[in-house]
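The block underneath contains the structure these notes are about, expressed in structure tokens.
Values in this text are rule-based calculations from the coordinates and carry no lab data. Small disclaimer: the values here were computed from a predicted structure and weren't measured.
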Amino acid sequence: LYTKLRGERCLTHVGTEGRCDEAAVAAWLVAPPEAFAERYRQVGLNLTALSDAFSVTETCAAIRIPEAGGPGASIITPTRVYCRGSMAWLGEEDARRIARHSHPRSVRKVAVRDEPGRVALVSRGG
């Protein structure tokens with residue numbers, strides 16, 4: 001059986017057939033899209049305010065922005081790159097290059113302060 005969880009399709013029966021994406025379910029539970037989107041409208045890219053409002057890390061808040069209907073984002077960590085929304089097409093190498101060297105006018109670089117070496121690239125165009 002499948003069910004719709006705020007736009008996320010996941011199995012209701014956890015077994016050999018497959019499992020829900022636990023991260024997506026957790027994000028939906030701790031930062032429901034409507035509540036997160038409202039807080040994002042109030043504080044914008046202030047990751048500290050977003051993370052404090054939902055008791056999550058700044059990394060989680062940055063990833064949640066496009067998941068809750070905000071502009072696309074890429075979160076670059078020393079070991080992984082997460083891309084969501086309109087920036088999902090961006091490859092790891094390109095994301096790291098943009099974060100290190102150039103910042104196109106269409107992308108805003110935002111510090112992620114919860115872990116060293118993390119940065120978010122957020123689309124200015126949505």
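Couple of notes before you dig in:
- Its Cα gyration tensor gives the stretch 78-125 an equivalent ellipsoid. The semi-axes, each the square root of 5 times an eigenvalue, are 16, 12, 11 Å from largest down.
- Principal axes of the stretch 25-119: Cα extent on each, largest first, Å: 34, 25, 24
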